[in-house]
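This report concerns only the one structure given below.
The values are calculated or read from the model by the stated rules, or taken from the named source; none is laboratory data. Quick caveat: nothing in here was measured; it's all calculated off a predicted structure. When we count neighbours, we look across all protein chains shown, and the Cβ atoms used for this are built from the backbone with ideal geometry, even at glycine. What goes into the accessible areas is simple: the full protein's heavy atoms, side chains included, and nothing from ligands, DNA or RNA. Shrake-Rupley method; radii C 1.70, N 1.55, O 1.52, S 1.80 Å.
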Amino acid sequence: RVCLTGVTNLQDVTINSGEGDWFYHRSIWMDLTGDGRLSILAARAQFPLLQGNNGAKEEGGSLGKGQLVWLECPKPHSYDSTTGTPLDVDQTLFDPFSARNTPWKLRVLTEGPDVMFSVADLDSTDDTIEIIASEFFSKKLTLHSLKIGPDPKIVFQRTIDDRCGAAFSSVLADLDGLATLGKSENQPMVVDSGSTVVSLKEGDAFSHLLVTNHECDDSESSGEVDAKFIRQSKAIDEPLDHIDTPSATTTHAESKEQSKIDGGSLFAYRVPTGKDAWKTKPWPRSIIATGFKVQGQLNNMINAGAPGFCYTFFPTREGGGVGSDKKWHRPLIGISGDCAESAYILRPTERASSPSRDDGAEEGLDKSTKYALMFEVKCQSTVGSLAIGYDDLHSAEQQSGYAKIYVPCYEQDKVLVFAMGSGEDQ
């Protein structure tokens, strides 16, 4: 294994000497060169541990920074003419992780991305993929088109939102049921959803991007998490990105929507429709939930923030089309509260009449983003992430095939497990 965050790997072999000051939130395997080699795409950051949170700058200090990087998997020296087996320079079996072939060559693709990211193909007719990145320290959400080939490089980039706060989690979601409509060149497609809970796989269509902003605000906290779920949030229909107008003033729509934000929040961004609309048009933003507050404790106040990661998942292994009506249903949303010390499960409040690329987007109201709190698990400890599985628990009474929700309680050294069911007596 290659250790990205240190100087050596687990076999004490030097890997990327001099790169030890960086920390990595996410990395994925991906063929960036188009020749079958799986290299590593990663977002990394630098930030003094005790300097504070959310890119805050102290006297004599400096802002944290991020980079989107790729580590190139080395090429074999040659191949066996009979078997095609990759060989090293001494004709032994080629091992890309051996001391001879490390450290891997690291290249910086662009500055800014520092925590989480997802990967999409927003134009299946070109040779690029799109990386949508949360920029925590820069407090914005950005998009970067990466050209695949012998020399991968960023060929286009834009800011989607620069008023979202310290962006943290970033995952692709299908809130319109596009995956049930069949593939189309006009649909945005998933390459990597950005989530550890797989509800969308490579090649699925998606309609929205879900983003949390990881805010540190406990000034008004009274010990109770004040999560306000916005049921009639209007999508902003004016540009959020100021890539061409850096001094642009705040629009009325932005000001009105921004006033609803209270501390940490969960946002949904709708992918704009139309040829190249993702490059030029605004990504309308809706607030799904806001009001997440840090529950301040001595042991969690270094870089504290809330909420953490978000996820989409279905109540059963079969997915969205398992209701008694056999219609597609929007996924549930899970949120790890992080220093809010709770886990949250959200349910859709309206059922879409039928899957549609623009479902509920009329009149500035994105009905697909209407969610309400289903339940909250108060843990009285940091909840950094969630896990969702569908395997039956060993001995507990349960309905087979329904989701199991795993909630880690960090300071308490335990994991809580909740099993979902139909709600009907068996």
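Every test in (1) touching a residue at least 40 places away in the same chain (Cβ under 8 Å); (2) not in a loop (DSSP other than H, G, I, E, B) is passed by residue 381 save one, and that test is (2). Of the set (1) within 22 Å of the chain's Cα centre (by Cα); (2) at pLDDT 90 or above, all apply to residue 357 but (2).
Residue count for the range 373-382, restricted to those that are in contact with a strand residue (DSSP E or B) (Cβ under 7 Å, 6 or more places away or on another chain) and open to solvent by 70 Å² or more (accessible area, probe 1.4 Å): 2.
Scanning the range 396-426 for residues being touching a Pro at 6+ places or on another chain (Cβ under 8 Å), part of a loop (DSSP other than H, G, I, E, B) and open to solvent by 50 Å² or more (accessible area, probe 1.4 Å) gives a total of 0. The numbered conditions (1) open to solvent by 50 Å² or more (accessible area, probe 1.4 Å); (2) at pLDDT 95 or above are all true for residue 41 except (1). Among the residues of this structure, residue 385 does not count as one that is more than 24 Å from the chain's Cα centre (by Cα) and open to solvent by 20 Å² or more (accessible area, probe 1.4 Å).
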